[in-house]
1. Looking at this structure, is LEU550 in contact with a His (Cβ under 8 Å, 6 or more places away or on another chain) and aliphatic (A, V, I, L, M)?
2. Do we have ASP204 as out of contact with any helix residue (DSSP H, G or I) (no Cβ under 7 Å at 6 or more places or on another chain) and of a type in the set (Asp, Glu) here?
3. Looking at (1) more than 16 Å from the ligand (Cβ to nearest atom); (2) closer than 27 Å to GLN564 by Cα; (3) surrounded by fewer than 22 Cβ atoms within 10 Å (Cβ to Cβ); (4) touching a residue at least 60 places away in the same chain (Cβ under 8 Å), find the lone condition where PHE476 falls short.
4. Can you tell me how many residues in segment 533-553 are under 23 Å from LEU618 (Cα atoms) and either among the aliphatic types (A, V, I, L, M) or in contact with a Gly (Cβ under 9 Å, 6 or more places away or on another chain) (or both)?
5. Do we find that PHE319 is hydrophobic (A, V, I, L, M, F, W, C) and either more than 18 Å from PHE282 (Cα to Cα) or in contact with a His (Cβ under 6 Å, 6 or more places away or on another chain) (or both) in this structure?
6. Answer yes if at least one residue in segment 62-78 is within 16 Å of the ligand (Cβ to nearest atom), in contact with a Ser or Thr (Cβ under 7 Å, 6 or more places away or on another chain), in a loop (DSSP other than H, G, I, E, B) and of a type in the set (Phe, Trp, Tyr), and no otherwise.
7. Conditions first: (1) away from the ligand (no atom under 16 Å from the Cβ); (2) aliphatic (A, V, I, L, M); (3) assigned to a helix (DSSP H, G or I); (4) touching a strand residue (DSSP E or B) at 6+ places or on another chain (Cβ under 7 Å). MET387 passes all but one, so which condition is the exception?
Amino acid sequence: MKHVELDQKIMKYTYGQPIETDAVVLGNIKVGENLSYLALEGKSFKYKLKKDIPVYGLGESVRGINKRGWIYESFCSDDDMHTETKRSLYAAHNFIIIAEEKPFGLFIDYPGRLTFDIGYSQLDELVITPENMDLDLYILEGDTLLDIVKTFRQLAGASYIPPRWAFGYQQSRWSYKTNEEVRAVAKGFRDNGIPLDSIYLDIDYMERLKDFTIDREKFPDFEELVAELKEDGIRLIPIIDAGVKVEEDYNIYEEGVAGDFFVRDEKGDIFEGAVWPGKVHFPDFLNSKAREWFGQHYAYLMDKGIDGFWNDMNEPAIFYTPRAMAQAMHKVEESKDKNIDLGTFFGIKDSFSQIMNKEEYFKEMHHNMDGKCVRHYDVHNLYGYNMTRAAGEAFEKLRPSERVLLFSRASYVGMHRYGGIWTGDNRSWWSHLLLNIKMMPSLNMCGFLYSGADVGGFSDNTTEDLLTRWIQFGIFMPLLRNHTAAWTRQQEPYAFEHTERLKKWIKLRYALIPHLYSEYMKAALEGGMYFKPLAFEYEDEYVREMEDQLLVGESLMIAPVYEQNKTGRYVYLPEDMLLVTFEDEKTYTLTKMAKGHHYVACDMDHLILFVRPGRMLLLGAAADSTKDLDMTSLTGIAYCKEVCHHTYYEDNGMDRQVHLEGHVTEVEIKKENNHFNIKLKNAPCSVLKKLALTLFDNETETITGIQYDI
Ligand code: GLC
């Protein structure tokens with residue numbers, strides 16, 4: 001990562017006695033004396049927001065890229081109704097940037113409940129209120145918004161890097177329940193010629209929903225299945241849930257009890273809640289020994305050939321506790337055979353409908369943070385983070401030289417070093433496609449680069465057009481996973497009438513992988529962002545409000561269609577750009593478009609993207625799986641003004657040790673006397689041997705084709 005003189009850029013203020021969260025990796029930060037920018041009034045930090053100044057950040061949260069006009073709460077929540085009036089989703093990402101002329105960032109390292117009132121109570125006021133004043137507050141300065149993000153990444157550490165195969169298309173459902181069903185999905189893809197790199201195993205692969213077990217009745221030949229699919233370029237990705245089933249003779253349960261690895265209640269007994277398997281205990285992920293113990297159990301599946309996992313229900317989700325259930329049942333018993341009044345009726349109803357994830361459960365739970373007893377409620381946002389850290393730390397030992405795919409539902413800043421996230425149980429709603437688009441840059445700001453939403457939508461039945469549009473956007477998301485709930489219609493691309501159309505967009509994803517992977521790696525290694533709002537690179541009266549167009553990496557701007565029954569959309573270009581309209585992954589037209597407002601046609605048979613001036617898009621050939629991608633030969637579509645420059649990163653997609661040095665090929669195209677001069681500095685380990693350049697001349701609007709052998 002590039003070094004920035006940090007002393008001038010980060011100021012730390014400590015209040016009370018903060019709990020160590022391990023969100024920050026940078027030591028020796030200048031401790032501030034007088035609080036700058038903010039005013040501390042009572043228990044709140046306040047800041048006057050100037051008119052029209054955007055506030056960016058908060059990672060996984062509802063609403064827009066500009067977070068002004070709502071109140072957000074950092075409290076990881078298992079809530080599947082992501083409507084705009086919600087205050088929390090599954091994550092707690094306490095980093096914002098106030099985009100004034102001299103922008104500054106705020107990171108509040110506080111693991112409990114924290115609110116960001118960003119112009120909700122008063123339009124022009126930012127009020128940040130923790131429940132207790134035990135926190136570290138960091139103020140970050142920088143010349144640009146991106147500088148501040150990069151400084152933040154130095155503070156909180158570099159982003160997780162998945163294996164390259166995790167950029168392939170991934171298919172999931174709750175659940176593909178048997179080995180036959182899994183084989184049928186693989187066959188569905190291969191028979192239709194649709195690329196695929198992973199199939200997900202949801203909870204039903206386990207024996208009675210127990211972590212680190214396999215139901216041998218449904219998967220008698222699990223090991224062979226894993227090997228056979230891997231041979232075909234498809235990996236199986238099992239889910240791991242936070243709760244451990246209470247069942248005698250179940251090794252994880254027995255070890256957890258014997259080793260004192262489970263969360264306890266206020267009386268000192270092991271805390272019991274209920275999730276999918278019924279009664280469970282929760283591993284104390286905030287305890288380093290428990291983390292180590294749980295982490296090593298991933299080996300059970302890795303030894304069977306598994307290379308990736310998704311960690312779920314780790315807010316943690318608690319459906320009920322035996323105590324709450326007994327109280328609810330008691331209410332029913334009491335009223336049995338009585339003519340109950342309205343109040344009693346609603347009391348009974350609420351005791352069941354509101355039994356999930358009650359605050360009181362989190363207050364009952366207690367952690368042993370390496371010798372210190374801490375109430376779960378006060379460190380709630382660290383739980384999912386530390387489950388993923390348990391896995392990530394174990395993988396460093398179990399696979400010291402290779403990357404493992406890992407992502408989580410709940411998260412806190414710091415977890416981005418160990419894994420990615422998916423954004424939980426969204427719905428098959430057009431508004432959730434738009435929410436997905438808007439959320440990606442905010443997640444990137446907070447370090448979560450390998451992330452994505454359930455493509456097609458999780459709950460509710462999707463429609464073919466929604467899935468098509470979602471895939472058209474999703475092909476730019478690092479984590480491209482189609483996942484859906486148990487009660488919905490089939491959502492695999494071959495389950496719809498126009499399979500060929502869905503297929504061609506998935507193929508385009510594969511053709512784009514060399515480019516997108518390279519952009520991802522550059523963002524990860526430079527502490528930058530893969531998805532950026534336009535306002536992070538451009539400044540004019542319009543870009544500030546553009547929330548449905550995004551910059552992807554250094555070369556591209558995308559303008560996804562996210563509404564039903566549309567055959568195009570309005571696009572704003574902050575400068576001249578080259579429109580690439582794809583008909584399929586091999587066929588495209590190039591059109592120069594002038595800075596300004598346009599209506600651009602884009603029905604479902606077409607896909608549009610824009611190349612920025614002086615930049616290049618690399619395209620490869622599609623393949624059935626990432627393992628078959630030909631990385632030796634690429635096409636470069638360059639939008640040439642006087643100079644065009646592109647940095648292409650490559651590696652073997654697998655090594656844990658990654659750095660830019662020695663892995664980048666620099667291409668420079670200069671137009672001199674109506675002639676293109678090409679300079680190429682090849683990376684020593686490059687497998688790229690042939691570059692077919694398609695040079696679009698801005699002035700003449702003509703195309704020159706040049707074959708470049710490396
Ligand atoms: C949770 C997850 C979802 C999964 C389901 C069953 O709702 O968010 O992705 O399919 O649990 O495991």
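The values are calculated or read from the model by the stated rules, or taken from the named source; none is laboratory data. The structure displayed is predicted, hence computed values, not measured ones. No Cβ is skipped: glycine too gets one built from the backbone with ideal geometry, and neighbour counts run over all protein chains shown.
1. On the way: in contact with a His (Cβ under 8 Å, 6 or more places away or on another chain): no; aliphatic (A, V, I, L, M): yes.
No: the conditions fail for LEU550.
2. yes
3. In the conditions (1) more than 16 Å from the ligand (Cβ to nearest atom); (2) closer than 27 Å to GLN564 by Cα; (3) surrounded by fewer than 22 Cβ atoms within 10 Å (Cβ to Cβ); (4) touching a residue at least 60 places away in the same chain (Cβ under 8 Å), PHE476 misses (3) alone.
4. 4
5. Details: hydrophobic (A, V, I, L, M, F, W, C): yes; either more than 18 Å from PHE282 (Cα to Cα) or in contact with a His (Cβ under 6 Å, 6 or more places away or on another chain) (or both): no.
So PHE319 does not fit the description; no.
6. no
7. Failed condition: (1).
Table: residues versus (1) under 22 Å from HIS675 (Cα atoms); (2) in contact with a Ser or Thr (Cβ under 9 Å, 6 or more places away or on another chain).
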residue	(1), (2)
GLY596	no, no
ASP603	no, yes
HIS606	no, yes
ARG612	yes, yes
ARG615	yes, yes
GLY620	no, yes
THR626	no, no
GLY636	yes, yes
ASP655	no, yes
